[in-house]
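Asks: The structure that follows is given in the form of structure tokens.
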Amino acid sequence: MATMKDVAREAGVSLGTVSRVINHAAGIKPATLEKVKAAIEKLNYVPDQYARGMKLNRSYTVALMVPTIWNSFNAEFAYHIEHELAKRDYKMLVCDYDDDPQRELAYIQMVKENKIDAIIAITYGDLEKYINFDLPFISIDRYYEESVSYVASENYQGGRLAAEELLKHGAEHPAYIGSYNCFPNDTIKRYDGFKDVMKEKGLPLLGIHELEPVADFQPLLNQLLDENPQIDAFFCNTDTLLYDVSDWLSERGLRVPEDIQLIGYDGMRLDKSHRIPVSTIAQPLEEMAKKAVELALAKIENPDMPAQAVYLPVTFLEGNTTKK
């Protein structure tokens, strides 16, 4: 089995240079980098990750915390996170905490004990007092009183875009359907964007905007439509909610999109090649994952790195729930 010394000899460089290449150090000349990579490939050299981690007091593992992996959005995001980490020789550990705060806290403790190096989290639990500036913790959508980096899509612009597209597709009385969390997070801006377009167009703000958890939207939906039969379109603040609303409309004998048009939010996929065929505001999940990984690894290297807020643009994707 080839050793690091063999790689150095083959590439004609020092042992320290090989070590710097393996550890992705900055400032290596491109020609030197190529020579070392070629030698590694030729000799089929496999770095000893365990020894490397012991030396640097790292596990080369990043945890991804999600409310549930059953959600297609979370599953796709996990795919992209793992892909980005693998490119940098890191592993991903998935924490499906299933609304259990103790499981969330257990992973935060693992970072503090150096069992994992960082956390990328989609979480809406009561974690405020456990999060601090020094912790390599990257949040998706949610922001904390303690300054930590977070990544989000342009939720406000997404809400505006949904309203504008419904109107462009012929809707005259669109309404909003969604819920919001008691902890501050960026997703509430979807409602704000929708609301502002309604105000600018001189249209009434109709809809459901409820504090989570909402056990069942159906009674609220029945009341909304019974009191406002003129409603001809809904902006649902997630694709998952769009499917629930579509089922409810079918039970009421209403057709989508002929009677009521629907636009969701997320851009969820069935698999790598096929998107769920609904009209939606799509988040750039691959770009969000890449940026989250970049921030996490940068925070590992530099614990004093200032917190950053990264917003990435959304797009409207036409599907079968709006009129052509």
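The values are calculated or read from the model by the stated rules, or taken from the named source; none is laboratory data. None of these values were measured; they are calculated from a predicted model. Reconstructed Cβ throughout: ideal geometry from the backbone, glycine too, with neighbour counts over all protein chains shown. When the accessible area is computed, the model is the full protein with side chains, heavy atoms only, and any ligands, DNA or RNA have been set aside. Shrake-Rupley method; radii C 1.70, N 1.55, O 1.52, S 1.80 Å.
Asks: Among (1) touching a Cys at 6+ places or on another chain (Cβ under 9 Å); (2) of a type in the set (Ser, Thr, Tyr); (3) over 18 Å from Leu262 (Cα atoms), there is one condition Tyr176 misses while meeting the rest; what is its number?
Replies: For Tyr176, the failing item is (3).
Asks: Here's a check for you: in the stretch 102-113, which residue that is open to solvent by 70 Å² or more (accessible area, probe 1.4 Å) and among the charged types (D, E, K, R) is modelled with the highest pLDDT? So that I can check it myself, show each step before the final result.
Replies: From the stretch 102-113, those open to solvent by 70 Å² or more (accessible area, probe 1.4 Å) are 102-103, 109, 112-113; that's our starting set.
Now restrict to residues that are among the charged types (D, E, K, R): 103, 112-113.
Details: Arg103: 84, Lys112: 78, Glu113: 79.
Top of the filtered list is Arg103.
Asks: Is there any pair linking a residue in the stretch 84-104 that is farther than 17 Å from Met288 by Cβ to one that is open to solvent by 60 Å² or more (accessible area, probe 1.4 Å) and among the charged types (D, E, K, R), with Cβ under 6 Å and at least six apart or on different chains, and which?
Replies: Note: pairs meeting the criteria are Tyr97/Arg103.
Asks: Looking only at the stretch 293-324, how many residues end up being assigned to a helix (DSSP H, G or I) and touching a helix residue (DSSP H, G or I) at 6+ places or on another chain (Cβ under 7 Å)?
Replies: Step one: filter the stretch 293-324 for residues assigned to a helix (DSSP H, G or I), giving 293-301.
Going one step further and asking which of them are touching a helix residue (DSSP H, G or I) at 6+ places or on another chain (Cβ under 7 Å), we end up with 293.
Going through the stretch 293-324 one residue at a time, the tally reaches 1.
Asks: Against the conditions (1) within 28 Å of the chain's Cα centre (by Cα); (2) at negative phi, where does Gly207 fall short? Just the number, please.
Replies: Of (1) within 28 Å of the chain's Cα centre (by Cα); (2) at negative phi, only one is false for Gly207: (2).
Asks: Oh, and also: Return only the number of the condition from (1) of a type outside the set (A, V, I, L, M); (2) assigned to a helix (DSSP H, G or I); (3) closer than 29 Å to Met65 by Cα; (4) over 18 Å from the mean Cα position of the chain (by Cα) that Gln157 does not satisfy.
Replies: Going through (1) of a type outside the set (A, V, I, L, M); (2) assigned to a helix (DSSP H, G or I); (3) closer than 29 Å to Met65 by Cα; (4) over 18 Å from the mean Cα position of the chain (by Cα) one by one, Gln157 breaks only (4).
Asks: Take Met288 and decide whether it is open to solvent by less than 30 Å² (accessible area, probe 1.4 Å) and at pLDDT below 95.
Replies: On the way: open to solvent by less than 30 Å² (accessible area, probe 1.4 Å): yes; at pLDDT below 95: no.
No, not satisfied.
Asks: For Asp271, indicate whether it is within 24 Å of Leu317 (Cβ to Cβ) and either open to solvent by 30 Å² or more (accessible area, probe 1.4 Å) or of a type in the set (Lys, Arg) (or both).
Replies: On the way: within 24 Å of Leu317 (Cβ to Cβ): yes; either open to solvent by 30 Å² or more (accessible area, probe 1.4 Å) or of a type in the set (Lys, Arg) (or both): yes.
Answer is yes for this residue.
Asks: Which of the residues spanning the stretch 210-221 are surrounded by 11 or more Cβ atoms within 10 Å (Cβ to Cβ) and either under 22 Å from Lys195 (Cβ atoms) or aromatic (Phe, Trp, Tyr) (or both)?
Replies: Filtering the stretch 210-221 down to residues surrounded by 11 or more Cβ atoms within 10 Å (Cβ to Cβ) leaves 210, 212, 214, 217-218, 220-221.
Within the stretch 210-221, Glu210, Glu212, Val214, Phe217, Leu220, Leu221 meet the criteria.
Asks: Taking the stretch 146-174 as the region of interest, how many residues are among the small types (Gly, Ala, Ser), open to solvent by 40 Å² or more (accessible area, probe 1.4 Å) and within 30 Å of Leu297 (Cα to Cα)? Spell out how you get there, then give the answer.
Replies: In the first step, residues of the stretch 146-174 are kept if they are among the small types (Gly, Ala, Ser); the result is 147, 149, 152-153, 158-159, 162-163, 170-171.
This time we only want the ones that are open to solvent by 40 Å² or more (accessible area, probe 1.4 Å), so: 147, 170.
Still in the running and within 30 Å of Leu297 (Cα to Cα): 147.
Selection size over the stretch 146-174: 1.
Table: residues versus (1) charged (D, E, K, R); (2) part of a loop (DSSP other than H, G, I, E, B); (3) open to solvent by 10 Å² or more (accessible area, probe 1.4 Å).
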{"residue": "Lys199", "(1), (2), (3)": "yes, no, yes"}
{"residue": "Gln223", "(1), (2), (3)": "no, no, yes"}
{"residue": "Pro229", "(1), (2), (3)": "no, yes, yes"}
{"residue": "Leu241", "(1), (2), (3)": "no, no, yes"}
{"residue": "Asp244", "(1), (2), (3)": "yes, no, yes"}
{"residue": "Leu262", "(1), (2), (3)": "no, no, no"}
{"residue": "Tyr265", "(1), (2), (3)": "no, no, no"}
{"residue": "Pro277", "(1), (2), (3)": "no, yes, yes"}
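Asks: Right, something else. Would you say Tyr143 is open to solvent by 60 Å² or more (accessible area, probe 1.4 Å) and in contact with a His (Cβ under 8 Å, 6 or more places away or on another chain)? I'd like the intermediate steps shown before the answer.
Replies: Values: open to solvent by 60 Å² or more (accessible area, probe 1.4 Å): yes; in contact with a His (Cβ under 8 Å, 6 or more places away or on another chain): no.
Answer is no for this residue.
Asks: Separate question: Find the residue count for the stretch 114-130, including only residues that are over 24 Å from Asn155 (Cα atoms), part of a loop (DSSP other than H, G, I, E, B) and either at pLDDT 80 or above or in contact with a Cys (Cβ under 7 Å, 6 or more places away or on another chain) (or both).
Replies: Filtering the stretch 114-130 for residues over 24 Å from Asn155 (Cα atoms) gives 114-118, 129-130.
Next cut, part of a loop (DSSP other than H, G, I, E, B) only: 114-117.
Those still in the list that are either at pLDDT 80 or above or in contact with a Cys (Cβ under 7 Å, 6 or more places away or on another chain) (or both) too: 115-117.
The number of residues fulfilling the criteria is 3.
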